[in-house]
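Heads up: the structure comes next, in structure tokens.
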Amino acid sequence: MKFTTDDVLQYVFEDDVKFIRLAFCDVYGQQKNIAIVPSELKKAFHEGIAIDGSAIAGFGGEVRSDLFLRPDPSTLVRLPWRPESGKVVRMFCDVTYPDGTTLASDTRSILKKAVADAEAAGLRFSFGPEMEFYLFKTDEDGEPTTVPYDRAGYMDIAPADKGENIRRDICLTLEQMGIQPESSHHEEGPGQNEIDFRYSDPLTAADHTITFRNVVNTVAWRSGLWADFSPKPLKNKPGSGMHINFSVSDEAKLNCVIAGVMERIREMTVFMNPVESSYERLGSSKAPVYISWSSENRSQLIRIPAAAKPFVRAELRSADSAANPYLAMALLIYAGIEGCKKELCPPAPLEINLYTAGPEVLEGLKKLPASLEEACAAAAESSFIQSHLPQAVIDAYCKR
């Protein structure tokens, strides 16, 4: 259900809500929030709630540091792990300057603009992220360790799979928050798990991704565990990816979208794989390193999963869970728009296993950046990136 401002005001008044969390993300996609009481809610809707932007990564320095959070009423959700008496609710916010203009570094607003630009081009995108994470034990002080919660493998069951009940609690919590899980299972790594949720429009999908991380972290913590979304938390074990499934309203244009993504993926990579350990993951344990595509083939950058109409989609396999989903989806949209405008065609699909292919096959393929430094250089030199992201965001990723 998409709530209006009046719906939110009525719900808060009638349902014993005591705190409203106004949520937003820094430039790296890390969720932040400020809590207000119900008496401040009308002010939040009409004027915004002030924050110190200089303390938020990527939002600028002390000059023009006064920023305002303006809640999106359609994102209202109750936090089910908070008390039933004296409820706590959350809304995602847009970040603006005092005069109401959008902060350039507000990545949620960047995605909103990308969606609008796509619609102007006659395209509607849908996304469905698949996120992997590890569960680690904590020490006697509650601090995280690198000891996996179990030693199970891919799709194992209890008792080897100790994460079964944790995933169940996560899925039930997501359902209470209006997010429909589709499947969950143990992944290949010890203590590694995956939960997939239903396709949706880009902004909803990105909001759900941020909510998903919050829910996983909260349920793990309440269970005495630590959830780790980093790309490569354990050496010589599978890394954790964020496979991004995407489709376009006009299925005939999906190939053009794929071609656009392949054309720009090197330039986008730093925003899909933003930390040093991202590049330890790429090229191992089914994580791609070559810029290629095919159907059903998990050794490729992009694959077309087996599905009947109208569920035909593409899956980008390079991104990881350290990425800011708002930026990742915005850039995929812009690459897709470009691919359609230029009527690009992808190269011939490679229906081979790239992990076992010989050098005569591999030497002709372009590769993803091999390091964070190389990815930053590709982004910094890209007119595509410059035209779609503000310099403050580029600098935040490439001048750390």
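The values are calculated or read from the model by the stated rules, or taken from the named source; none is laboratory data. In this text, all values refer to a predicted model and were calculated from it rather than measured experimentally. Heads up, the Cβs are rebuilt from the backbone with ideal geometry, glycines too, and the neighbour counts pull from every protein chain shown. Side chains are part of the model used for accessible areas, which takes the heavy atoms of the whole protein and leaves out ligands, DNA and RNA. Shrake-Rupley method; radii C 1.70, N 1.55, O 1.52, S 1.80 Å.
From the list (i) 18.9; (ii) 20.6; (iii) 22.5, can you say which value of mean projected area of the Cα convex hull in nm² was derived from the structure given?
It is the value labelled (ii).
Stretch Thr102-Arg298 to full length: gain in nm at 0.36 nm per residue minus the Cα-Cα span?
Gain on extension, Thr102 to Arg298, equals 66.6 nm.
Kindly write out, for the range 200-208 in residue order, the coupling ³J(HN,Hα) from the Karplus curve 6.51 cos²θ - 1.76 cosθ + 1.60 (θ = phi - 60°), rounded to whole Hz, with x marking Gly and Pro.
Karplus-based 3J(HN,Hα) across the range 200-208 equals 7, 5, x, 5, 5, 4, 5, 4, 5 Hz.
Please turn the phi angles of the range 113-118 into ³J(HN,Hα) values with the Karplus equation 6.51 cos²θ - 1.76 cosθ + 1.60 (θ = phi - 60°), one per residue in order, whole Hz, x for glycine and proline.
Residue by residue, the range 113-118 yields 5, 4, 4, 5, 5, 5 Hz.
Calculate the length of the line joining the C-alpha centroid of the range 60-124 to that of the range 210-235, in whole Å.
23
Tell me the per residue accessible area of the chain using a 1.4 Å probe; a whole number in Å² is fine. Don't skip to the answer; put the middle values down first.
Numbers: 17500 Å² over 400 residues.
Per residue, the chain has 44 Å² of solvent-accessible surface.
Near Glu40, within a Cβ-to-Cβ distance under 14 Å, what is the net charge of the other residues, with Lys and Arg +1 and Asp and Glu -1?
+4
What ranking, highest mean first, results for peptides 319-332, 121-134, 380-393, 262-275 when packing means the other Cβ atoms within 10 Å averaged over each residue? Write out the running numbers ahead of the final one.
Details: 319-332: 26.9, 121-134: 20.3, 380-393: 16.1, 262-275: 23.4.
Taking the mean over residues of other Cβ atoms within 10 Å, the ranking is 319-332, 262-275, 121-134, 380-393.
Taking the Cβ of Ser126 as the centre, find all other residues whose Cβ is under 11 Å away and add up their charges (Lys, Arg: +1; Asp, Glu: -1).
+2
Under a point spin-label approximation (7 Å from Cα along Cα-to-Cβ), what is the Glu143-Gln31 distance to one decimal in nm?
Once both label points are built, they end up 2.6 nm from each other.
Read phi for every residue in the range 360-366 and hand back ³J(HN,Hα) as whole Hz from Karplus 6.51 cos²θ - 1.76 cosθ + 1.60, θ = phi - 60°, with x for Gly and Pro.
5, 8, 6, 5, x, 9, 6
Can you pull the percent of the range 24-63's accessible area that's carbon plus sulfur, 1.4 Å probe, other chains left in place?
Its accessible area is 51 percent carbon and sulfur atoms.
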